[in-house]
Structures are given as C-alpha cells and as structure tokens.
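The structure under discussion appears below in the form of structure tokens.
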Amino acid sequence: MQLVSLGVYSKTGERRDVEFRTGSLNILTGKSKTGKSAILDIAEYCLGRDTVTIPTGVISDNASWYYVLVEFDQQRVLVCRPNPETATTSRAMVRTGGPDLRVPSFDDLEVNADTDVVRDTLTERLGVETFTVDPEAGSLRSAFDVSVRQALFFNFQSQGEIASRDLLFHRQVEDDIRTTIRDTMPYFLGAATPEQAVVRRRLVAARRTLQRTQNTIRTAEADRDQQDSRVTHLIESAVALDVLPSDSGIGAREGIRNLLESVLAYTEPDDSANDSDVASHRRVLANEGRTLRNRVRELDDQIELLSRLQEEQSDAQREASYQSERLRALDILLPRNQTSDGDVSVCPLCDQGLAHPDETVEELRALLNTLGERLASSRGVSTRREATIERLGASRGPLIEALRENVVELDAVAQQEALIASGRERRERVAFLQGRVSQELERGVDIGDDIADLRDAERRQRGQVARLEEISERDDPASALRMMIDSISELMTDYARSLQLEGSEHYVRLDPVHLTVAVQRPGGRVPLARMGSAENWVGYHLVAHLALHHWFATNDRPVPRFIMFDQPTQAFFPEEVVDAADDENADWEAVRRQFTLMRDVVAALNGELQIIVCDHANLADAWFQDAVIDNWRNGVALIPESWLATENG
C-alpha cells in the first residue's frame, strides 16, 4: 500500500491536492509554517485514526474534508474524512476501485462508513492474516486481532519522534501502544505466524488438560484412601434403619455398588393418608371436648345462681318469720272478747273503751296477715328451686363422664400421632442416607478402575503435549525473531556507517523488547537514550526504519510500503533555513548523506518502498530536485492564499 495523493477540501468546495510518486523518494520542501508537518497528521487521520491530531488554526479553520488515495497493486482505495468539530470522530467515506479511481468532487462527498470500515478495508487489501495476540499470563489486557491499525505504527515519524532519544516508533510514548508494538512486531517481521499461534494455543490447552487430569488423579487417590470408612458408615446406617439386612456389607468388595444401589432404590411406605385420618379424628375430639366443657360450665353457672338465690331467700324467710312472731304478740295484749272480731276501740291494757279507735293495731294485724301469706308462698318457691338444683346436678354427672372419656381418647390419639411423627423422622433419616449414597455413587465406588482409566488418559495427554512442544520448538517464534533481528541489525549497521553515526564502527542492533537502538561496544551495550547529539538520534531513527522497511518489502510482509519522515534535518538546521544548496559545509554533507541513504534504499527495493519526506532542506543536486514533488515557498502552502482571502472576505 502506497500513497497516490492526499489533500484538503475548502468550505466552498475547492480542493488542494498533494500528489506523490509511488515506489520513489518524495521530498516536500518548504519554509516553516506552510503545513508540511500536517501532511503526516492528515494521512494518519484519513487512514483510520479516531483521535484528531491535525493542528488547529489555518488548516482546520479553512478545511471541510480531508482525503487520501492509496494504491494496492492494481487496486485503489479512497478514504475521505470530514473536518471534525471535536477531538475524536469515526465518520468517513470509503470508495474502492481500480487504477482509474479518482478523487471525487466536493458535491460527491458523503459519509458512508466509519473508521472500523476504513481499517477493515485496508487490512483486507494489505493481506493481514487472522492473527490473534494473546496477552501475557496475569495481564489485564485483552486479546486482539492484528490489523492495519498496528501496522501503521511503523509508517510514521513525526517531527517530535524522529529526533527523540527515548522513542523509536510512532506513538510509542503511549503505554498501551508501546506494548502493542512489542507484541505485534514478531508477526509483522514474519517470526510469528497464524500456524504457530494455533500450535501455541493447542499446546496451552493440552497442558491445561494434562494438569486437570493429574489433579483428578491425585484427588481420586486421596479419595480412595477415605472411601472404605465412608462406605462402611453408610452401610451401617442403612442396617440401623432396617433399609438393609443386618448381615449386609460382609463379603467381597465387588458387591458394594449393588448394596448402595439397593439403598438408593429403597422406598418407605407412605403413611400420609393415615396421618391425615388421625389428625382429623383429633380435631373432632378436641371440638367435642370444648363442647362438653362449655356445657358443664353452663350447668355450674346455673347451679351457682340458683344456690345463691336459695340462700338469699332463706335469709328473707328467717327475717319474715321473726317479724311475724313479734306481731303475734298482739294476740296477748287484746281483750279476749276482742281477739276474735278484731275490735280496736278498746284499750288492750286497761280493757276500757277508747274515744277513738286505734288504727295502728289494725295495720299491724294486716301486716301480720301479709307476712303470713308471703312466708307460705316463699316456702313453695324454695321447694321448687331445690328440686331444680338437684335436677341440674344430676344432669352434670353424665357430662363429666363424657368429658373424662374425651380426655382419654385424646391421649390415645396423641400417642398415635407420636408414633406417626417417629415414622416421619425415620423417613427423613432414610432420605438423608439416600442422598449421601447418591453422592458416593456419583463420586465413584470403583475408584481403582477410574484411576487406571485416568492414568491411561494422562499418558495419552503427555504424548500430545510432547508432540506439540516438539512442533513449537522446531518452529520457535523467539528463535526466528532473533535471527530476523540479526539480519535487520546487520543492515542497520551498514546504514549507520554510511551516515557516519557515532558508534557505527561497532555492531548496531535493534532492541525489540525495549523498542530502541543499541550499539554493542566492547565495554558494553549503549542504548540510544545514552547517546549524545541530535544528529545521532535522528540518524538512528532513519537507520532503524529504513532497515525494517527493507525487511518488510523483501519478505513480503503485510505492512504498508511507505514511510513518512517529518523534518529529519532538524538537528542540522534548528532555525529557519534559506535555500543554500551551494553551501558545502559539514552540515550540508550530513544532510546529503541522509537523503542519499533514502534514495539508495528506495532504488535497491525497485519500487517496493515509497519514502515521503517533509523538510525545509532543498539541495541543488539533480537527483534531489528530481525527488522534489512540491516546493512550498514564495506564498505556496498547503492552504492556498485564495482560501484565506475568501475566508477573510
């Protein structure tokens, strides 16, 4: 995959194109602040990055869409992205076609995809295989499939990255990206293949299966030592509950399973119906007892009431009799000739006639007669009440006897219920025993045979693990990676010597673990972070990436066949440079060596690599000028002045 062109659409529909030559060195030279560095950001954004790094200001204020047109052999893919309003966006437009696919007009722009579609489209055409990167044991990272997203980390070197002594790869400063580059490098170099990944996963699964089998064997062996006591206890419990005959368990061990299965098959008679009848009878007796006690209580209340009335009447009779006896004294005081006719006109003391008859005597005699009548009536009522009390007392006796019989029957029912409850408890104990027997049968009573089968399985699994280990060792990704790094490092050493970098007289090596470059000196290893001079930092970045892309191209690896360098000469010209191609000093010689190396690598790969350099250097050499695709000076920039005028107007 190489870039054919990229560009910007204005808000009024105009388009600014930057054309590239595939399979060649492309140099975009110009002054500072013309938008050269934004070329890398636009390319990365259009190739599927969600986070927007395009500088705000002139470019973002005047752009409405960005696009990039890439080429795969005889196929082309166009990706357009709208100018985002926020720091992240996933909207995109994707078109695919042949070599005649062109950039559309402004009116044809429309969102028809997202960044997932962009990445999937590019991944498929790059030929990235289905390769899953599994995280290290104990890591919190999730497994992921390799795609163009990871491949693009090898294609960009921004201005801040190319001159860094701490970073070698694009976006390496981000922790998750650093780990991703380290994990995916073996695949992109070709040291790790999908077939190897399948073998590794099968090996891991086989080892886990073997470990589980070994754990099962250890558990079974430990269980076998404890099983005899467990089974003996189960049989003894079954005998105690009359589930098994008393002589069960005596004899050969082969019958243990049959005994346990017979315990499991045992069924207890169902007494639920009888239990229901007894409960119903108890409820009837309880109701009868309550009725009898209520009846006895009513009789006792009636008898008590009548007795109290009888007692009160007896007191009244005694008082009336006493008063009547007192009134009978009148018969003694009255004259004898008056006692019969009741004459009250004669004094009862002197037997003389009274001027006025004494009415008191007459009233007393009337009262005496009334008392006599009441006493006679009261004696009749008392006699009848006594008869009623005797009758009620006589009817109480049968009730007391019936209540006594009810209590006896309730006691009998309670005893019967106790027997039923005892049977229910026994059924529960039998059910609990059967549960333990079922658990024992599931565990397996023929443990000896089970262990033998497990050991056979263990031998087979050991053989499978050994075969997979042999295959994995024969095609070891780590060993292959070391050999590939050796080859790349040899190329890096040659490139470093052509640039005359510090330490290049020694062996220069790529470090795929720490993601840096190191020089193997006799006194020890010197990493890039401990080297001095920005010239060396930039130079070793160029050396590493050119060597990697030489490997990618010559080994047909699924990495885009382009690399973009932003300001590789910044170490020599920290300030803005005026065109001075004829100034043949040491700095210009170092610049010339950089571009000469890039030219030679592109030529050696015969169109398999495209290098795009955005820089302010502008050598007068004919081959350099042939590589210049655009010169952004004298008012020429990514955003034309006419757009600014339109915007300001």
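The values are calculated or read from the model by the stated rules, or taken from the named source; none is laboratory data. Everything numeric here is computed off the predicted structure, so don't read it as measured data. Note: ideal-geometry Cβ built from the backbone for every residue, glycine included; neighbour counts use all protein chains shown.
Answer yes if at least one residue in segment 219-234 is aliphatic (A, V, I, L, M), more than 25 Å from W551 (Cα to Cα), more than 38 Å from the chain's Cα centre (by Cα) and not in a loop (DSSP other than H, G, I, E, B), and no otherwise.
yes
To keep it simple, each residue is scored yes or no on (1) exposed (fewer than 15 other Cβ atoms within 10 Å of the Cβ); (2) of a type outside the set (G, A, S); (3) modelled with pLDDT of 90 or more.
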| site | (1), (2), (3) |
| --- | --- |
| V465 | no, yes, no |
| S479 | yes, no, no |
| L491 | no, yes, yes |
| Q500 | yes, yes, yes |
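Only residues in segment 56-69 that are outside any strand (DSSP E or B) count as the first member; pair them with residues that are among the small types (G, A, S), Cβ under 7 angstrom, at least 6 apart or cross-chain, and list the lot.
I59/G35; I59/A38; N62/S10
Looking at (1) without any contact (Cβ under 8 Å) to a residue 60 or more places away in the chain; (2) in contact with a strand residue (DSSP E or B) (Cβ under 6 Å, 6 or more places away or on another chain); (3) crowded, with 17+ Cβ neighbours inside 10 Å, find the lone condition where Q150 falls short.
Here Q150 meets the rest and fails (2).
Kindly indicate whether T12 is without any contact (Cβ under 8 Å) to a residue 60 or more places away in the chain and either out of contact with any His (no Cβ under 7 Å at 6 or more places or on another chain) or farther than 24 Å from A553 by Cα (or both).
no
So, of the residues in segment 73-96 that are in contact with a strand residue (DSSP E or B) (Cβ under 6 Å, 6 or more places away or on another chain) and not in a strand (DSSP E or B), which turns out to be nearest to T53 (Cα to Cα)?
Going through the qualifying residues, I end up with N83.
Residue-wise test of (1) polar (S, T, N, Q); (2) surrounded by 19 or more Cβ atoms within 10 Å (Cβ to Cβ); (3) free of Cβ contacts under 8 Å to residues at least 60 places away in the same chain.
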{"residue": "E136", "(1), (2), (3)": "no, no, yes"}
{"residue": "V146", "(1), (2), (3)": "no, yes, yes"}
{"residue": "Q157", "(1), (2), (3)": "yes, yes, no"}
{"residue": "G160", "(1), (2), (3)": "no, no, yes"}
{"residue": "D175", "(1), (2), (3)": "no, no, yes"}
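Restricting to segment 177-196, name every residue that is closer than 15 Å to V128 by Cα and either surrounded by fewer than 18 Cβ atoms within 10 Å (Cβ to Cβ) or assigned by TED's automatic domain parsing to the domain that holds Q570 (or both).
G190, T193, P194, E195
Here are S24, S60: which of them is over 21 Å from V117 (Cβ atoms) and at pLDDT 95 or above?
Going through S24, S60 in turn, just one is over 21 Å from V117 (Cβ atoms) and at pLDDT 95 or above: S24.
Please identify the pairs in which a residue from segment 455-484 that is farther than 15 Å from V204 by Cβ has its Cβ atom under 7 Å from the Cβ atom of a residue that is among the polar types (S, T, N, Q), counting only partners at least 6 apart or on another chain.
A457/T213; E458/T213; E458/Q214; D475/Q196
Looking only at segment 128-168, which residues are of a type outside the set (A, V, I, L, M, F, W, C), modelled with pLDDT under 95 and under 27 Å from V199 (Cα atoms)?
E129, T130, T132, D134, P135, E136, G138, S139, R141, S142, D145
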